[in-house]
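Undergrad: Below are the structure tokens for one structure; questions will follow.
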Amino acid sequence: MALLPIITAPDPRLKQACATVEQVDDEMRQLLNDMLETMYEAPGIGLAAPQVGALKRAIVVDVSNEDEENAPLRMVNPELTWVSDHDASYDEGCLSLPEHYAEVVRPAEIKVSYLDEMGKAQELEAEGLLATCIQHEIDHLDGILFVDHISALKRNMILRKLLKARKANPPSELEKAG
Ligand code: GNR
Ligand code: NI
């Protein structure tokens with residue numbers, strides 16, 4: 001297990017579409033475990049591979065409460081197979097847009113197909129925070145951030161502030177390498 005540096009915006013790697021994973025092998029299982037460790041440490045409820053510089057279609061999610069047992073989900077090549085007509089709004093945050101939050105509207109319920117860590121095809125129905133988080137993570141795999149779902153005015157305000165914070169406190173060589 002290893003903690004990985006999390007990339008923050010603006011960074012071109014967060015705007016890329018990620019590659020489909022051809023083989024769920026030991027290297028991929030290691031990446032998923034390292035992503036979970038990094039997510040718990042942050043702490044966050046989800047993490048997508050591009051946030052740690054791996055441009056592959058893999059995400060991890062755990063929306064369990066602090067007083068519950070961990071409920072980690074490892075998803076390779078996740079795809080929405082169904083979304084509900086009715087929407088839900090959540091105050092979203094992102095580890096790649098630290099300290100910024102905004103209300104984002106998305107389908108309230110989803111079905112998602114994916115490969116688990118053994119390469120086995122799975123399907124999951126989700127609602128509430130889990131549905132929001134999975135959609136937020138799949139967006140990352142297509143180079144989409146939560147700010148891409150809000151008004152240009154709010155988006156540019158957040159991105160300007162992040163750029164300013166970056167200039168005051170540039171990323172280390174380690175973070176730049178991903
Ligand atoms: O930790 C996170 N919290 C969160 C809250 C509301 C909606 C989505 C999220 S995901 C975020 C972690 C992250 O950046 N994942 O990509
Ligand atoms: Ni995010």
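The values are calculated or read from the model by the stated rules, or taken from the named source; none is laboratory data. Only a predicted model underlies this, so the values are computations on that prediction, with no experimental measurement involved. Virtual Cβ from ideal backbone geometry, glycine too; neighbours counted across all protein chains shown. The accessibility values were calculated without ligands, DNA or RNA, using every heavy atom of the protein model including side chains. Shrake-Rupley method; radii C 1.70, N 1.55, O 1.52, S 1.80 Å.
Undergrad: How do the pairs read when you match residues in segment 147-169 that are closer than 16 Å to TYR101 by Cα with residues anywhere that are exposed (fewer than 14 other Cβ atoms within 10 Å of the Cβ) and among the polar types (S, T, N, Q), using Cβ under 9 Å and keeping only pairs 6 or more apart or on different chains?
TA: Pairs that qualify, where the first residue is closer than 16 Å to TYR101 by Cα and the partner is exposed (fewer than 14 other Cβ atoms within 10 Å of the Cβ) and among the polar types (S, T, N, Q), are VAL147/ASN156.
Undergrad: Let me ask another. List the number of the failed condition for GLU66; all other conditions in (1) at pLDDT below 95; (2) within 13 Å of THR132 (Cα to Cα); (3) not aliphatic (A, V, I, L, M) hold.
TA: (2)
Undergrad: Within segment 2-25, is even one residue open to solvent by 20 Å² or more (accessible area, probe 1.4 Å), part of a strand (DSSP E or B) and out of contact with any Gly (no Cβ under 9 Å at 6 or more places or on another chain)? Walk me through how you get there before you give the answer.
TA: So the first thing to find is which residues in segment 2-25 are open to solvent by 20 Å² or more (accessible area, probe 1.4 Å), and the list is 2-6, 8, 10-13, 15-17, 19-20, 22-25.
Checking the rest, the ones that are also part of a strand (DSSP E or B) come to 19.
Now restrict to residues that are out of contact with any Gly (no Cβ under 9 Å at 6 or more places or on another chain): 19.
Yes, segment 2-25 contains a residue that is open to solvent by 20 Å² or more (accessible area, probe 1.4 Å), part of a strand (DSSP E or B) and out of contact with any Gly (no Cβ under 9 Å at 6 or more places or on another chain).
Undergrad: For segment 89-126, give me each residue that is in contact (Cβ under 8 Å) with a residue 40 or more places away in the chain, within 14 Å of ligand 1 (Cβ to nearest atom), open to solvent by 30 Å² or more (accessible area, probe 1.4 Å) and not in a loop (DSSP other than H, G, I, E, B).
TA: Listed by number, the residues that qualify are TYR90, GLU103, VAL105.
Undergrad: Which residues, counting only those in segment 127-143, are open to solvent by less than 60 Å² (accessible area, probe 1.4 Å) and closer than 18 Å to ILE6 by Cα?
TA: Those that are open to solvent by less than 60 Å² (accessible area, probe 1.4 Å) and closer than 18 Å to ILE6 by Cα: CYS133, HIS136, GLU137, ILE138, ASP139, HIS140, LEU141, GLY143.
Undergrad: Those residues that are out of contact with any Phe, Trp or Tyr (no Cβ under 9 Å at 6 or more places or on another chain) and either on the phi > 0 side of the Ramachandran plot or near ligand 1 (Cβ under 9 Å from one of its atoms) (or both), I need them from segment 134-144; list them, please.
TA: GLN135, GLU137, HIS140, GLY143
Undergrad: Of the numbered conditions (1) assigned to a strand (DSSP E or B); (2) surrounded by fewer than 20 Cβ atoms within 10 Å (Cβ to Cβ); (3) within 15 Å of the chain's Cα centre (by Cα), PRO78 satisfies every one except a single condition; which is it?
TA: (2)
Undergrad: While we're on this one: Could you list all residues from segment 20-74 that are of a type in the set (Asp, Glu) and within 15 Å of ligand 2 (Cβ to nearest atom)?
TA: If the condition is that a residue be of a type in the set (Asp, Glu) and within 15 Å of ligand 2 (Cβ to nearest atom), then ASP62 is the only one that fits.
Undergrad: Can you pull out every residue in segment 39-57 that is over 21 Å from ALA131 (Cα atoms) and part of a helix (DSSP H, G or I)?
TA: GLU41, VAL52
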